[in-house]
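See below for the structure under consideration.
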Amino acid sequence: MSERAATVTRETAETTIECTLAVDGHGSGDVETGIGFFDHMLCALAKHGLFDLEISCDGDLEIDDHHTVEDVAIVLGTAFDEALGDRSGIVRYADRQVPLDEAVASAVVDVSGRPRFYFEGSFSQESIGAFTSDMARHFAESLAMNAGLTLHLSVDGENAHHEVEALFKTLARSLDDATRIDKRREGTPSTKGSL
């Protein structure tokens, strides 16, 4: 397993989650949340970010998908934060654009330790299977808040499946870029000396 790895569990009245993340992985995803499209997106995040990711979630899907998606993002963000430690040697900044047919999404990320989130765009359909389209935005926001990311996302398209998938893929690629170790860098990538 990667040295930059973490296992995080979280149990509430709404969800029970276990997540194992290896930042320096091979892109393997083993995910079961009870929401098929969400599982597909988390596996895409692993595949395109070259993260090894295992997530199991038992959530209150009889209500809706909100608690499951939000809490998985909280746990995954916490896992990124723990796995990256003091962020020594990382590139820190990255930006990517990813198209999927008519849709295009962009991500600009700073692994800053200062969580901020900005989003521009909308989704062309309200849901994709049992996944509420706007939960993609909320997932990214909750991830950023718990991983300590400054994250700017945007999306444009005509099909919500394509829009959300492009968002997850651009997020994956930008996180992979920003969290890579740059052998030329020593210590934390900040003139302050810490993030």
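A few notes on this one:
- Residue among E82, E70 that is farther than 25 Å from A160 by Cβ and not in a strand (DSSP E or B): E82
- Matching entry among V91, V69, V108 (being on the phi < 0 side of the Ramachandran plot and surrounded by 21 or more Cβ atoms within 10 Å (Cβ to Cβ)): V69
- Residue count for the range 105-144 under the criterion of being acidic (D, E) and farther than 18 Å from A178 by Cβ: the result is 3.
- Top-ranked residue in the range 63-114 [being of a type in the set (S, T, N, Q) and touching an Asp or Glu at 6+ places or on another chain (Cβ under 9 Å); ranked as nearest to T150 (Cα to Cα)]: S106
- Within the range 1-32, the residues that satisfy the criterion of being aliphatic (A, V, I, L, M), closer than 20 Å to E82 by Cβ and either within 17 Å of the chain's Cα centre (by Cα) or at pLDDT 95 or above (or both) are A5, A6, V8, I17, L21, A22, V23, V31.
- Filtered residue count, the range 2-22, keeping only those that are out of contact with any helix residue (DSSP H, G or I) (no Cβ under 6 Å at 6 or more places or on another chain) and surrounded by 18 or more Cβ atoms within 10 Å (Cβ to Cβ): 2
- Selection of the range 1-51 for residues being assigned to a loop (DSSP other than H, G, I, E, B) and of a type in the set (G, A, S) yields S2, A13, G25, G27, S28, G34.
- Number of the condition not met by G25 [criteria: (1) surrounded by 21 or more Cβ atoms within 10 Å (Cβ to Cβ); (2) touching a Ser or Thr at 6+ places or on another chain (Cβ under 9 Å); (3) not polar (S, T, N, Q)]: (1)
- Scope the range 33-46; condition more than 14 Å from the chain's Cα centre (by Cα), of a type outside the set (V, I, T), surrounded by 14 or more Cβ atoms within 10 Å (Cβ to Cβ) and on the phi < 0 side of the Ramachandran plot; matching residues: F37
- Residues located in the range 141-163, provided they are of a type in the set (A, V, I, L, M, F, W, C) and within 12 Å of the chain's Cα centre (by Cα): L143, A144, M145, A147, L149, L151, L153
The values are calculated or read from the model by the stated rules, or taken from the named source; none is laboratory data. All of these numbers come straight from a predicted model, not from anything done at the bench. A quick note on method: Cβ atoms are made from the backbone with ideal geometry, for glycine too, and the neighbour counts reach across all protein chains shown.
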